[in-house]
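S.K.: Following this message is one structure expressed as structure tokens.
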Ligand SMILES: [Zn+2]
């Protein structure tokens, strides 16, 4: 332990900060605490400086009447739709933009052309198949017509179609038009996709999870004008709200799960199923509406008959459905804000036993927990559909992975992965389905915010739930990684490096740090909920989020948004040095012996020790005549007169001054350094000689002057023996080796014989069962 002992020369200086950064000639203010005036758009009548919608905020609306038919023999969708578009903007529109997302799978798709591939990379059979696939999955638009059946001029530009209106659509008016189309459904297992089919060889059946299946209106607003940036595959969707009336025709033995509420249950469900559904509504645990036995019976033979399922959905930004004759279906009710929401799951027998055990319960838990942190779940149903490998979200319905082994066992990783994906995708109902951000532009606004509430939800599912993202310490490896492979969070979706860490992990972590370390839970939760309330069923932008979080909390967070969202900087705070001071009493009887002792320490100097032996006698030793008063006394000797003077001095002090002089306080001057560039509050734990501990929290503004090093003085009656920066792993500090005083080395674990040690291909359930059978 390096414990330097100093005496404090006076009582005047108790706290001070040393400016270590040299003031450079600066032409531009690069202070980390500079307000975000230049980065954020100027507030206006649509979006206020407080982060709330402005008094002239508007948004467009698109209502749909859709009829689609699924051809189970050829895996195609054929459909027609009537779109009623409401121009609520103050602008007159000459044309409308419609999104043709399936054209990402057209033969001439731009996303195929811009995909990079190197033959030096290892390629799997699947990878090679995907690279060489020539599947034609684009929309075939067979007609675009006015409401009266006249041809409408239109131009297709890859994934966008411009409808040239016969007359300008004036502000406050609506326009109704029709589109007919068809497309080939992609084999999701071979060429991937958010939507598509999975084929089950064993019983030769298909399971369809269908989305982006109809031409969808683009968003027109005060931020982008028309958001008609091409769909390249990664930056997801920007969609207006509207009401949907959808009729889905499928083989008569299929079970359909969908966005919205079923309107014709008498036509498509048996009375037994309808009774079970009503029973499920009142039940707090899942009730089977189609059992596994019934599903197995159902999948044995097909049919040439069809049935049409009719759904309606209000105020949604999109619509998706799943259909298969393999579906088991269960449901339960959940109370949210006085309403009974139906939590439901659809899955093939291949999903069991995991799905019957967890899916619907995870849906119900997610709906409840998110409602607490954001707004009450406003839709009547929330559905989870078993869909191999992926997780993908739509309003009221999502497609989630999770398939156990054929023997019914499953790994721990699969179990938690499945619960997490269900929480995550159901959670997307809130971000971005209700708090309707522009995914084409900003992935973090839905994925990051959603991953954050996902973390909160997981931790309420099971104590110490193995959440993949959210805790500060889990982002450390990414944050300290190669900066040339990092982009700021505020980067367009298509240009993000390390997608998962950047758009999911880092923003989710940033929010946890705000909540636990910078703002505290009370201020954070209120502000976060305010953002959700303000922007529910609206289109928020990053600035609306940044501003609301400050507006509702009175915490200046510009430095935080700047560092975490606009740069790739990381956190690393070090404690460099701790100096110990005691107050000089002024009493020579006390102070002088201490000072002498400290001086004596210098006598350890190596030459002194050697000279003691090598120099037999010095002059003053040999010739006593050379010794005078100063050889007989030292500067620490004092006389009774010195003591008298001290007594006179103390007599002149008042009681308060006397007490301060008498204090036996220990003063510690600590130097902290911002090694990483990202400012963060200094959170530190002090350990004392008597075994007690104390935690301190210094706001990030300690770094506001641009100092790289700051000093603070702390005082205690107890003697300090240790300091640890970020003891509870809350700041994403990337290097903990410099977090300790006295210095400490943190052992890292390294893996030996990586390949040989990892071996068992069996999951823990299988290994335990095997051991039991022996
Ligand atoms: Zn997501």
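S.K.: Can you name the residue in region 374-392 that is within 19 Å of residue 191 (Cα to Cα) and within 16 Å of the ligand (Cβ to nearest atom) and is also surrounded by the most Cβ atoms within 10 Å (Cβ to Cβ) among such residues?
M.R.: For region 374-392, the residue satisfying everything is 387.
S.K.: In this structure, is residue 371 in contact with a strand residue (DSSP E or B) (Cβ under 6 Å, 6 or more places away or on another chain) and either within 12 Å of the ligand (Cβ to nearest atom) or closer than 25 Å to residue 766 by Cα (or both)?
M.R.: Values: in contact with a strand residue (DSSP E or B) (Cβ under 6 Å, 6 or more places away or on another chain): yes; either within 12 Å of the ligand (Cβ to nearest atom) or closer than 25 Å to residue 766 by Cα (or both): no.
Judged against the criteria, residue 371 is not a match.
S.K.: If you don't mind, another one. Against the condition buried (at least 22 other Cβ atoms within 10 Å of the Cβ) and touching a strand residue (DSSP E or B) at 6+ places or on another chain (Cβ under 7 Å), how does residue 252 come out, does it pass?
M.R.: no
Here's the yes/no breakdown for (1) on the phi < 0 side of the Ramachandran plot; (2) surrounded by fewer than 23 Cβ atoms within 10 Å (Cβ to Cβ):
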{"site": "499", "(1), (2)": "yes, yes"}
{"site": "509", "(1), (2)": "yes, no"}
{"site": "551", "(1), (2)": "yes, yes"}
{"site": "581", "(1), (2)": "yes, yes"}
{"site": "586", "(1), (2)": "no, yes"}
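S.K.: Return the residues of region 634-688 that are surrounded by 16 or more Cβ atoms within 10 Å (Cβ to Cβ) and without any contact (Cβ under 8 Å) to a residue 40 or more places away in the chain; say none if nothing qualifies.
M.R.: 686, 687, 688
S.K.: What are the residues in region 264-278 that are in contact with a strand residue (DSSP E or B) (Cβ under 6 Å, 6 or more places away or on another chain) and surrounded by 14 or more Cβ atoms within 10 Å (Cβ to Cβ), if any?
M.R.: Selection gives 268, 273, 276, 277.
S.K.: Check 72, 101 and return the single one that is buried (at least 16 other Cβ atoms within 10 Å of the Cβ) and more than 23 Å from residue 216 (Cβ to Cβ).
M.R.: 72
S.K.: Considering each residue of region 680-739, count those that are out of contact with any helix residue (DSSP H, G or I) (no Cβ under 7 Å at 6 or more places or on another chain) and outside any loop (DSSP other than H, G, I, E, B), and give that number.
M.R.: Number of matching residues: 31.
S.K.: Being within 12 Å of the ligand (Cβ to nearest atom) and either closer than 24 Å to residue 496 by Cβ or over 15 Å from the mean Cα position of the chain (by Cα) (or both) is true for just one of 460, 425. Which residue is that?
M.R.: 425
S.K.: While we're on this one: In region 635-662, which residues are over 19 Å from residue 583 (Cβ atoms) and touching a helix residue (DSSP H, G or I) at 6+ places or on another chain (Cβ under 7 Å)?
M.R.: If the condition is that a residue be over 19 Å from residue 583 (Cβ atoms) and touching a helix residue (DSSP H, G or I) at 6+ places or on another chain (Cβ under 7 Å), then no residue fits.
S.K.: Moving on to the next point. Does region 314-327 contain any residue that is surrounded by fewer than 19 Cβ atoms within 10 Å (Cβ to Cβ) and touching a helix residue (DSSP H, G or I) at 6+ places or on another chain (Cβ under 8 Å)?
M.R.: Taking every residue of region 314-327 in turn, none turns out to be surrounded by fewer than 19 Cβ atoms within 10 Å (Cβ to Cβ) and touching a helix residue (DSSP H, G or I) at 6+ places or on another chain (Cβ under 8 Å).
S.K.: Within region 441-452, does at least one residue satisfy the condition of being away from the ligand (no atom under 12 Å from the Cβ) and surrounded by 24 or more Cβ atoms within 10 Å (Cβ to Cβ)?
M.R.: Yes, region 441-452 has at least one match.
S.K.: Taking residue 333 as the residue in question, decide whether it is surrounded by fewer than 20 Cβ atoms within 10 Å (Cβ to Cβ), at pLDDT 95 or above and more than 21 Å from residue 404 (Cβ to Cβ).
M.R.: Here the answer is yes, as residue 333 does meet what is asked.
S.K.: Next question, about the same structure. Residue by residue through region 363-374, note down the ones that are touching a residue at least 12 places away in the same chain (Cβ under 8 Å) and in a helix (DSSP H, G or I).
M.R.: Selection gives 363, 364, 365, 366, 367, 368, 369, 370, 371, 373.
S.K.: Could you tell me which of the residues 503, 472 is away from the ligand (no atom under 16 Å from the Cβ) and touching a helix residue (DSSP H, G or I) at 6+ places or on another chain (Cβ under 8 Å)?
M.R.: Only one candidate passes the filter, namely 472.
S.K.: Then there's this: What strands (runs of 3 or more DSSP E) completely inside region 279-335 contain at least 3 residues that are touching a residue at least 60 places away in the same chain (Cβ under 8 Å) and touching a strand residue (DSSP E or B) at 6+ places or on another chain (Cβ under 8 Å)?
M.R.: Passing ranges, in order: 306-316, 321-324.
S.K.: Could you tell me whether residue 231 is in contact with a helix residue (DSSP H, G or I) (Cβ under 8 Å, 6 or more places away or on another chain) and crowded, with 22+ Cβ neighbours inside 10 Å?
M.R.: Answer is yes for this residue.
The values are calculated or read from the model by the stated rules, or taken from the named source; none is laboratory data. Just so you know, these numbers come straight off a predicted model, no measurement behind them. Heads up, the Cβs are rebuilt from the backbone with ideal geometry, glycines too, and the neighbour counts pull from every protein chain shown.
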